[in-house]
Amino acid sequence: MTAAPTRRATAADAAAIARVHIASREATMPYLPPRKRSDAQVEAWVRDVVLPGSAVWVAELDGRVVGYAAVRGDTLDALYLLAEVRRRGIGSALLAAAKAHRSQGLDLFVFQKNTDARAFYLRHGFTVTATRDGSDTMEREPDLAMRWTPVTKGTRTVG
């Protein structure tokens, strides 16, 4: 199946990215504590913090944003998809954009309970570098630190 096209996000995407962020977390991470921020607050966070401080890509289907990825520094801060578009190559396309942006390597954190995401990242060459107890996260959920380091063969990098 062909993945949705990806493109760099713009300020005009803030509301759509916020909708994806909220819907994805609610559908795929029911173990998280109840959300404390309103939709408007999440949209403001995307507009005022995520977009200006990160490299962000969106994936679209039929003109609608269905996923996004955000890289800040060497860290993949976010990769979220609407639940109904998972397992169509969209997450892989967004991750490929993030890897191309940080071709020297990429770090991320994933909740230990998020077994689907953990398996996804392992399939895409990430390895676990640390296990954390969650005491320093807003959600207070134990997580894993993971890293992707490209494999260099000759003069070509394999991701």
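The values are calculated or read from the model by the stated rules, or taken from the named source; none is laboratory data. Just so we're clear, the structure is a prediction, and the values are computed from it rather than from any experiment. In this analysis, Cβ positions are derived from the backbone assuming ideal geometry, glycine residues included, and neighbour counts consider all displayed protein chains. When the accessible area is computed, the model is the full protein with side chains, heavy atoms only, and any ligands, DNA or RNA have been set aside. Shrake-Rupley method; radii C 1.70, N 1.55, O 1.52, S 1.80 Å.
Dipole orientation for the stretch 1-132: of the candidates Leu61, Val49, Gly91, Gly91 has the Cα lying most toward the positive pole (charges on Cβ; Lys, Arg +1; Asp, Glu -1). Of the residues Met138, Met29, the one with the largest accessible area comes first in the ranking Met138, Met29, computed with a 1.4 Å probe on protein heavy atoms. Near Ala98: Cβ cut-off under 14 Å, other residues only, Lys/Arg at +1 and Asp/Glu at -1. The net charge is +3. With K and R counted +1 and D and E -1, the other residues having a Cβ less than 11 Å from that of Gly125 yield a net charge of +3.
One chain, two ends: Arg123 and Ser92. Fully extended at 0.36 nm per residue, the span grows by 10.2 nm beyond their Cα-Cα distance. Taking all C-alpha pairs of the stretch 73-159, those more than 23 Å from each other amount to 25 percent. Ordering Asp133, Asp107, Asp143 by accessible surface, largest first, gives Asp133, Asp107, Asp143; the 1.4 Å probe counts only protein heavy atoms, with every chain in place.
Residues whose amide H lies under 5 Å from that of Ala9, counting only those 5 or more places away or on a different chain, are Val56, Trp57, Val58; hydrogens are built 1.01 Å from N in the peptide plane.
At the residue level, Thr127 shows approximately 80 square angstrom of accessible surface with a 1.4 angstrom probe and all protein chains present. When Lys99, Lys113, Lys36 are compared by accessible area at a 1.4 angstrom probe, the order from most to least is Lys36, Lys113, Lys99. Put a plus charge on the Cβ of each Lys and Arg, a minus charge on the Cβ of each Asp and Glu, and nothing anywhere else: the dipole of the stretch 82-159 about its Cα centre is then about 500 debye.
Per DSSP H run of at least 4 residues, take -39500 (n - 2.57); add these up for the chain, divide by its residues and hand me the 222 nm value, nearest 500 deg cm²/dmol. Could you put the intermediate results ahead of the total?
Working: 4 runs with 43 residues, N = 159.
Rounded to the nearest 500, it is -8000 deg cm²/dmol.
For P(r) over Cα pairs in 10 Å bins from 0, in percent, the value computed from the atomic coordinates appears in the list [x] 10, 33, 30, 17, 8, 2, 0; [y] 11, 39, 39, 10, 1, 0; [z] 9, 23, 20, 12, 8, 7, 6, 6, 5, 3, 1, 0 under label [y]. Of Gly63, Gly91, Gly53, which is the most mobile in a GNM of the chain whose springs link Cα atoms less than 10 angstrom apart? Top of the fluctuation ranking is Gly63. Solvent-accessible area of His124, all protein chains in place: 50 Å² (probe radius 1.4 Å, heavy atoms, ligands and nucleic acids excluded).
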